[in-house]
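The block underneath contains the structure these notes are about, expressed in structure tokens.
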Amino acid sequence: MTEHDEEQDAVAAILASVPPPRVTPAFLARVNARIDADAGTGWLALADFRVWTLRLAPLAAALALIAVLWPTGGVEPSAPAVASAQQTFTPASAADWQQDVAANAMLEAALSGSAHAR
Amino acid sequence: MDPDRALVEAAAAGSREAFDDLVRRHQVAIVALTRALTSGAADAEDLAQEAFVRAWKSLRSFRGDSSFRTWLHRIAINVVRTAQTRHGRWTRMFTAAEPDADPPSPEEPLDAALARRQVIERALASLPEELRVAVALRDMQGLDYREIAAVLDVPIGTVESRIFRARRRLKPLLAPLLQTGPSVTGQER
């Protein structure tokens, strides 16, 4: 046997001397648990809230955007609405005090009225 | 004749009991392989579990061209390669450094078996992947050259060359163990 062969055999013997590992007792149970988890693609997947959260996220974002952009009554009235309020408002009319006139419409009417007075 | 053939056929037909028997038969070898290929990384057993899960999923496509053991070893090697590619070199460097993270104090006696294993794991970690796999399959798993060639899908001559080059590279790194011999305690000689 050559020196090279002896060295090769010596290294092989050292590697072969590594004792077998101690496998945890739950190894088989964990394998089965992972197999079962991967197999849950049917109705079990529907119970996974993370799936629904991801799938509904675009819809939720769209609804939020609509809610922000949709005009409501509390928003500043458009020009035709202001003009309409001005036409019906006369400072001397007591009934006007009873009407539910938008604050902006009153201000507009007041300013236009004071301008005419000058 | 593959000694696992009957169990493999039953497991491929859906028998979890048969597959459990296959796992019990091969779990030690596969964990030993993943430990050798990851230099004793903490997730070696986790990678071995992944190999068995993949084997279960692919059982129906196992044609029996090779033995189940050969096929399972191939799966385990691919699992380790995928994990190492995913984590990148940084993780491998970090994992290799773990044994040094908590060095024993001078007052405590060093566990000779643990020290010996760490020397071997570090030496293996220094090898290129293809050499490490070949020498681990031969010297730590006990596979013959023909079987290793089937696992790696390379010619037998390539297997011989890789094992030779691996042992040559390991020799200086294992020199302290060569002087003390393959005993666990290292107190002989």
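The values are calculated or read from the model by the stated rules, or taken from the named source; none is laboratory data. Note that the coordinates shown come from a computational prediction; the quantities given were computed from them, not determined experimentally. For neighbour counting, all protein chains shown are included, and Cβ atoms are generated from backbone atoms with ideal geometry for every residue, glycine included. Heads up: the accessible areas ignore ligands, DNA and RNA and are worked out on the full protein's heavy atoms, side chains in. Shrake-Rupley method; radii C 1.70, N 1.55, O 1.52, S 1.80 Å.
How many residues are closer than 30 Å to B:Lys171 by Cα, outside any helix (DSSP H, G or I) and at pLDDT 80 or above when one looks only at segment A:1-56?
The total comes to 7.
Residues of segment A:14-40 being within 20 Å of B:Gly14 (Cα to Cα) and small (Gly, Ala, Ser), which ones?
A:Ala29, A:Ala33, A:Ala37, A:Ala39, A:Gly40
Yes/no per residue for (1) modelled with pLDDT under 95; (2) out of contact with any helix residue (DSSP H, G or I) (no Cβ under 8 Å at 6 or more places or on another chain):
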| residue | (1), (2) |
| --- | --- |
| B:Thr95 | yes, yes |
| B:Glu107 | yes, yes |
| B:Ala113 | yes, yes |
| B:Arg116 | yes, no |
| B:Leu131 | no, no |
| B:Tyr145 | no, no |
| B:Arg162 | no, no |
| B:Arg165 | no, no |
| B:Leu170 | no, no |
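May I ask you to list the residues in segment B:37-59 that are more than 8 Å from chain A (Cβ to nearest Cβ), part of a helix (DSSP H, G or I), farther than 14 Å from B:Ile77 by Cβ and in contact with a helix residue (DSSP H, G or I) (Cβ under 7 Å, 6 or more places away or on another chain)?
Correct list: B:Leu59 only.
If I go through segment A:17-39 residue by residue, how many of them are more than 8 Å from chain B (Cβ to nearest Cβ), farther than 18 Å from B:Ala32 by Cβ and open to solvent by 60 Å² or more (accessible area, probe 1.4 Å)?
4
Among the residues in segment B:154-169, are any within 19 Å of B:Ala29 (Cα to Cα), more than 10 Å from chain A (Cβ to nearest Cβ) and open to solvent by less than 40 Å² (accessible area, probe 1.4 Å)?
Within segment B:154-169, none of the residues are within 19 Å of B:Ala29 (Cα to Cα), more than 10 Å from chain A (Cβ to nearest Cβ) and open to solvent by less than 40 Å² (accessible area, probe 1.4 Å).
How many residues does segment B:42-67 contain that are open to solvent by less than 10 Å² (accessible area, probe 1.4 Å) and at pLDDT below 95?
2
Under the condition of being in contact with an Asp or Glu (Cβ under 8 Å, 6 or more places away or on another chain) and of a type in the set (Ser, Thr, Tyr), which residue from segment B:13-46 is nearest to B:Ala113 (Cα to Cα)?
The selected residue is B:Ser39.
Just the residues that are polar (S, T, N, Q) and surrounded by fewer than 15 Cβ atoms within 10 Å (Cβ to Cβ), please, taken from segment B:120-153.
Going residue by residue through segment B:120-153, those that are polar (S, T, N, Q) are B:126, B:141.
Within segment B:120-153, just B:Ser126 meets the criteria.
Among the residues of segment B:117-146, count how many are closer than 18 Å to B:Ala76 by Cα and not in a helix (DSSP H, G or I).
5
Could you count how many residues in segment B:131-153 are within 14 Å of chain A (Cβ to nearest Cβ), of a type in the set (A, V, I, L, M) and touching a residue at least 24 places away in the same chain (Cβ under 8 Å)?
Summing the residues that are within 14 Å of chain A (Cβ to nearest Cβ), of a type in the set (A, V, I, L, M) and touching a residue at least 24 places away in the same chain (Cβ under 8 Å) in segment B:131-153 gives 8.
Which pairs have Cβ atoms under 6 Å, sit 6 or more apart or on different chains, and link a residue in segment B:171-184 that is farther than 13 Å from A:Ala12 by Cα to one that is modelled with pLDDT under 60 and in a loop (DSSP other than H, G, I, E, B)?
Pairs that qualify, where the first residue is farther than 13 Å from A:Ala12 by Cα and the partner is modelled with pLDDT under 60 and in a loop (DSSP other than H, G, I, E, B), are B:Thr180/B:Gly186.
For B:Arg24, indicate whether it is exposed (fewer than 14 other Cβ atoms within 10 Å of the Cβ), farther than 17 Å from A:Pro19 by Cβ and modelled with pLDDT of 95 or more.
When the stated conditions are applied, B:Arg24 passes them.
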